[in-house]
1. As an exercise: evaluate V209 against (1) out of contact with any strand residue (DSSP E or B) (no Cβ under 7 Å at 6 or more places or on another chain); (2) of a type in the set (A, V, I, L, M, F, W, C); (3) in contact (Cβ under 8 Å) with a residue 40 or more places away in the chain; (4) not in a loop (DSSP other than H, G, I, E, B) and give the number of the one condition it does not meet.
2. Scan (1) over 18 Å from the mean Cα position of the chain (by Cα); (2) closer than 30 Å to G281 by Cβ; (3) not polar (S, T, N, Q) for the single condition E212 breaks and write down its number.
3. Conditions: (1) under 28 Å from R370 (Cβ atoms); (2) crowded, with 19+ Cβ neighbours inside 10 Å; (3) among the hydrophobic types (A, V, I, L, M, F, W, C). V101 meets all but one. Number of the miss?
4. Residues in region 267-279: is at least one among the β-branched types (V, I, T) and in a helix (DSSP H, G or I)?
5. What tally of residues in region 246-288 results from selecting those that are closer than 23 Å to D84 by Cβ, surrounded by 16 or more Cβ atoms within 10 Å (Cβ to Cβ) and small (G, A, S)?
6. For residues in region 41-100 being among the polar types (S, T, N, Q) and farther than 22 Å from D273 by Cα, which is farthest from the chain's Cα centre (by Cα)?
7. Can you list the helices (runs of 4 or more DSSP H) found entirely within region 63-157 that contain at least 1 residues being closer than 30 Å to E359 by Cα and either of a type in the set (F, W, Y) or modelled with pLDDT of 90 or more (or both)?
8. Can you name the helices (runs of 4 or more DSSP H) wholly within region 305-382 that have at least 2 residues being under 22 Å from the mean Cα position of the chain (by Cα)?
Amino acid sequence: MLRIVIAILIALVPAVAFGGEQAAGDKQAPTIVTDIAGREVRVNAPVKRILLGEGRQLYLIASLESKDPLARIVAWRNDLIEADPATYAQYLQAFPRLADVPAFKGQENGLIDIESTIVLKPDVVLLNLEAKRANEDAEYVEKLAELNIPVLYIDFRHYPLQNTEKTIRLLGKIMGREARAEEIIAFRHQAMARVSDVLDRARPPRPRVFIERIGGYADDCCLSFGAENFGNYVELAGGHNIGSDFIPTTFGQLNPEQVIASNPEHVVITSADWAAYVPGGHWIPLGPGADPDVTRKKLEWFTERSAYTDIAAQKTRNFHAIWHQFYNSPYEFIAVQQLAKWFHPDLFADLDPDATFAEYHRRFLPIEFRPGYAISLSDSPS
């Protein structure tokens, strides 16, 4: 049935939809690249029509193409609109035609909207690594290949410290922005070194840290991270991630009794404005422009969770909240800086993650930096 639909769409769509109206730029040429899944894929580069299998891929597209990040985007999934409304509002204000970019629904590990993809005829489809199994089981990748629509897998989420820079270089190559990609990578290295160099010299004791993942999105406790993603960020910031002791994969869950027995000295909640998903929930609306009085008040609710009864962090008020989207973006170096400042305030008194992120915005992004990505109770009165 799908093949019949494809044939009908091909017959009905005018030739212009198949790349007849390319954006101005360099002449395209066949190029072989290797994606994050290790697949060798042929693309016509520089690509001029990109379909984003996840809207939050805009974070990197905009970094590489800051003058007009929409020039190459023909469609995107609607997750950024719903999961990060404050950032979406910033881009919409800067580029009003963003509202007209076709958006489709979907899930992080789900199937792409193949009919829309066929109609739009992009030069490349970008999918997150976790969507690989579903799309290949459905043979969508092969079906698109028959129409000369290549698919590339990228990754910020499952192995970000291993794959983010590979992803930056991959997109830099297919977009003809290799020099820009290297500038971004150099900035990341410098930002991370401001933490690692200090820790290598001082070698401080590592506090026990529990990361509560997607705090307020659901009532369940206690979703967390294993040794990857935020679990890895904790280690890079000079802490010990409790989840790494029990969770064998990137994502997992601990029971409240185990959290209490582990007695974390710091609790870090990852959260965001999820009004689109959980209206009135306990989520903390972190993100650009967030009101610190509001986010601090919402963080207070977490101190009374049963999983944190009489733990060390409760006694010292070392409860912190950080923007959840750091787990799925090229910005994780900001999260590492912020965590290091919370875990070792004396060592990192002069470190300012907001200033680092503001500089990244100034150099690489088409929107202004607005604070609001983190909040803590340890620096507020009891």
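1. Every condition holds for V209 apart from (1).
2. Condition not satisfied by E212: (1).
3. (2)
4. Taking region 267-279 first, the residues among the β-branched types (V, I, T) are 267-270, 278.
Now drop any that are not in a helix (DSSP H, G or I), which leaves none.
Checked region 267-279: no residue is among the β-branched types (V, I, T) and in a helix (DSSP H, G or I).
5. 4
6. So, considering only residues that are among the polar types (S, T, N, Q) and farther than 22 Å from D273 by Cα, the one farthest from the chain's Cα centre (by Cα) is N44.
7. 79-83, 85-94
8. On the way: elements: 312-316, 332-343, 353-364.
It comes to 332-343, 353-364.
The values are calculated or read from the model by the stated rules, or taken from the named source; none is laboratory data. Worth saying up front: this structure is predicted, and the values here are computed from it rather than measured. No Cβ is skipped: glycine too gets one built from the backbone with ideal geometry, and neighbour counts run over all protein chains shown.
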